[in-house]
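Trainee: Just passing along the structure, written as structure tokens.
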Amino acid sequence: MHTDAQMATSNVPAVNPRNHPAARTKMQPSQRRRTSLGLFGKYAVAVATSLIAIFPILYILSASLNPNGSLAGSAGLFSQLSLENYLDLFDDPAQPFGAWFVNTLIIGLMTAAGTVLLGGLAAYSFSRMRFSGRRFGLITILLVQMFPQLLAVIAIFLLMKGIGDIFPALGLNTHAGLIVVYLGGALGVNTYLMYGFFNTVPASIDEAAKLDGAGHARIFFTIILRLSAPVLAVVALLAFIATVNEFVIASVLLTDPSKKTLAVGLYQFIAQETSANWPVFAAGAVIAALPVVLLFFALQKYIVGGLTAGAVK
């Protein structure tokens, strides 16, 4: 005689019966062989790709620790270890590496923050508002990005020279002027990137907020930006990396040695053929890469986990 509890248990259907060992389909030998070969191929490609990516890092790290003073003498990986090159970076007053590092951090962080804010505002306008010239503006933004940055160097120099005559704080040889130029250059592609992500946020959320009395500014800053954390993190990281690596415009606009960025300043170590100091340049390159790596790890949780968090919201 079955009790009520036993009858209730027997009537409950099995949950996910495929996970039960008896329900699993036994693989044939040929299937197991194909699966093993597939896994082996994936691991082989992953290992080969990792070695290709890691080798330049190991080489530049080895060269930075080699006190030999020549690029040819640094061919052997970690044959000699010394921190002499790192100390030499800060010894020469004519090449203020510490000032270059601080300048790069300030310019990079402010450019990243400004790019996220301006790009987000432009992307929100294109995504949520309907106005004349909207489609033409989107196409223009995309087309302008196809022209190489080198074409605009002369125009940027003359423009900044003219602005400097009126507003010296934004003219040549100023960090504020360089940041403004970077913001203008990064606005197009990042606006288009954020525009695509904003379109995935349901417009019904905006309509519900409007019924509660929220305006566009409140919807943008309190709803859209929070739901768009993944793309904001990606845009900020890309803008920071581009600013740290940018050389051409910074070398034209910044002439004072103490106002240069790392990309421009480090080039001085290898600019002269007879006195190129590659190990010191390698040490500077290693230190220059640290902010990018740290920022990547700081934003990684938003880049990877933010997509699922945004979907739940």
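Trainee: At a Förster radius of 45 Å, what calculated FRET efficiency corresponds to the Cβ-Cβ distance of residue 165 and residue 245, to the nearest 0.05?
Mentor: Efficiency for this residue pair is about 0.90.
Trainee: What is the extension gain from residue 256 to residue 199, computed as 0.36 nm multiplied by their sequence separation minus the C-alpha to C-alpha distance, in nm to one decimal?
Mentor: 16.1 nm is the gain from fully extending residue 256 to residue 199.
Trainee: Still on this structure: Please compute the net charge surrounding residue 195, taking Lys and Arg as +1 and Asp and Glu as -1 over other residues with Cβ under 13 Å from its Cβ.
Mentor: The answer is +3.
Trainee: Okay, moving on. Each residue of segment 109-116 in turn: what ³J(HN,Hα) in whole Hz from Karplus with 6.51, -1.76, 1.60 and θ = phi - 60°, glycine and Pro shown as x?
Mentor: Working through the residues one at a time gives 5, 5, 5, 5, 5, x, 5, 5 Hz.
Trainee: Classify the chain from the C-alpha gyration tensor, please: rounded if a/c falls under 1.5, else prolate or oblate depending on whether a/b exceeds b/c.
Mentor: Oblate.
Trainee: Pairing the Cα long axis of helix 29-64 with the longest principal axis of the chain, what angle in degrees results, from 0 to 90 and rounded to the nearest 10?
Mentor: It works out to around 20 degrees.
Trainee: Here is a follow-up. For residue 67, what charge total do you get from the other residues with a beta carbon under 10 Å from its beta carbon, if Lys and Arg give +1 and Asp and Glu give -1?
Mentor: -2
Trainee: So for the pair residue 301, residue 37, with labels modelled 7 Å out along Cα→Cβ, what separation do we get in nm?
Mentor: 4.4 nm
Trainee: Could you do me a favour and compute the accessible area per residue for the chain, 1.4 Å probe, result in Å²?
Mentor: Averaged over the residues of the chain, the accessible area is 62 Å².
Trainee: Filter the trypsin sites (Lys or Arg not before Pro) in segment 116-163 down to the DSSP loop ones having no more than 13 other Cβ atoms within 10 Å, then list what survives.
Mentor: Taking segment 116-163 and a limit of 13 other Cβ atoms within 10 Å, the loop trypsin sites (Lys or Arg not before Pro) found are 130.
Trainee: Here's a follow-up. Using a 1.4 Å probe on the protein heavy atoms, what percent of the accessible area of the chain belongs to carbon and sulfur?
Mentor: Carbon and sulfur atoms account for 69 percent of the accessible area of the chain.
Trainee: Here's a follow-up. Taking the simple approach of a point 7 Å from Cα along Cα-to-Cβ for both residue 208 and residue 82, what is their distance in nm?
Mentor: Taking the two extended label points, one gets 6.6 nm.
Trainee: Right, here's the next one. Need one number: nm distance between label points at residue 45 and residue 154, each 7 Å from Cα along Cα→Cβ, rounded to one decimal.
Mentor: Result: 4.6 nm between the two label points.
Trainee: Let me ask another. Where in segment 208-238 does the amide nitrogen come within less than 18 Å of the point 7 Å from the Cα of residue 129, taken along Cα to Cβ?
Mentor: Zone members listed by number: 210, 214-225.
Trainee: Compute the separation of the alpha-carbon centres of segment 195-221 and segment 263-295 and state it in Å as a whole number.
Mentor: Computed from Cα coordinates, the inter-centre distance equals 45 Å.
The values are calculated or read from the model by the stated rules, or taken from the named source; none is laboratory data. Predicted, not measured: the structure shown is a model, and the values here were computed from it. As a convention, Cβ positions derive from the backbone with ideal geometry for all residues, glycine included, and neighbour counts pool all protein chains shown. For accessibility, only protein heavy atoms count, side chains too; no ligands or nucleic acids. Shrake-Rupley method; radii C 1.70, N 1.55, O 1.52, S 1.80 Å.
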